[in-house]
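Participant: Below: one structure in structure tokens.
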Amino acid sequence: MGILKKLLARGIKRSVETPPPGRSVFCSGCFQVVPESSVNVIPWCNDELDKFVTTYRCEACWMEALNDTLMRLAFTEDESLIASAMQFFEAHGVVLLEYRRGDPPAAVRALLLDLLGRLRSGSLTLSIGETTALYG
Ligand SMILES: [Zn+2]
């Protein structure tokens, strides 16, 4: 067996035995770096952009941020704000037919509040997605 084959075999064996290291995530609320397993992916209103964006929040910060999102959506009639919340969910793979077919914003808002309730209860969780390796 050539040296290349031995190295490749060793590399394959090592990759099977050693799980990849977990990722760490920066919490946008408290600026702490925490394990990905303790991060919640939620929509949060960026006042400068005047729309909902994705935020990563640790266990200590996420409920307050999610409550802020709930309060903003519960009483708004701003169609662009409601649309940005829907765009957040679609970006995370949660598609709402009622939004796509153009149902009235109040109807979409009610369904958004349901989705936020699911995030709050943990029956819906969102992922930060994949990262790609850096080379060089
Ligand atoms: Zn935090």
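Rundown of residues vs (1) more than 17 Å from Phe52 (Cβ to Cβ); (2) in a helix (DSSP H, G or I); (3) of a type in the set (A, V, I, L, M), yes/no style:
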{"position": "Phe88", "(1), (2), (3)": "no, yes, no"}
{"position": "Val94", "(1), (2), (3)": "no, no, yes"}
{"position": "Asp103", "(1), (2), (3)": "yes, no, no"}
{"position": "Ala110", "(1), (2), (3)": "no, yes, yes"}
{"position": "Leu116", "(1), (2), (3)": "no, yes, yes"}
{"position": "Arg120", "(1), (2), (3)": "no, yes, no"}
{"position": "Leu124", "(1), (2), (3)": "no, no, yes"}
{"position": "Leu134", "(1), (2), (3)": "yes, no, yes"}
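Participant: Can you tell me which residue in the stretch 43-100 is farthest from the ligand (Cβ to nearest atom), limited to those that are over 18 Å from the mean Cα position of the chain (by Cα) and among the basic types (Lys, Arg)?
Facilitator: Ranking the qualifying residues of the stretch 43-100, first place goes to Arg100.
Participant: Conditions first: (1) at pLDDT 95 or above; (2) of a type outside the set (Gly, Ala, Ser); (3) over 16 Å from the mean Cα position of the chain (by Cα). Lys13 passes all but one, so which condition is the exception?
Facilitator: Going through (1) at pLDDT 95 or above; (2) of a type outside the set (Gly, Ala, Ser); (3) over 16 Å from the mean Cα position of the chain (by Cα) one by one, Lys13 breaks only (1).
Participant: Checking the structure you have, find out if any residue of the stretch 30-39 is more than 15 Å from the ligand (Cβ to nearest atom) and touching a strand residue (DSSP E or B) at 6+ places or on another chain (Cβ under 6 Å).
Facilitator: Checked the stretch 30-39: no residue is more than 15 Å from the ligand (Cβ to nearest atom) and touching a strand residue (DSSP E or B) at 6+ places or on another chain (Cβ under 6 Å).
Participant: Any idea which of Thr76, Thr69, Thr55 is surrounded by 12 or more Cβ atoms within 10 Å (Cβ to Cβ), within 26 Å of Ser121 (Cα to Cα) and modelled with pLDDT under 95?
Facilitator: Among Thr76, Thr69, Thr55, only Thr76 is surrounded by 12 or more Cβ atoms within 10 Å (Cβ to Cβ), within 26 Å of Ser121 (Cα to Cα) and modelled with pLDDT under 95.
The values are calculated or read from the model by the stated rules, or taken from the named source; none is laboratory data. Keep in mind the model is a prediction, meaning the values are calculated, not measured. Every residue, glycine among them, receives a Cβ derived from its backbone with ideal geometry; neighbour counts consider all protein chains shown.
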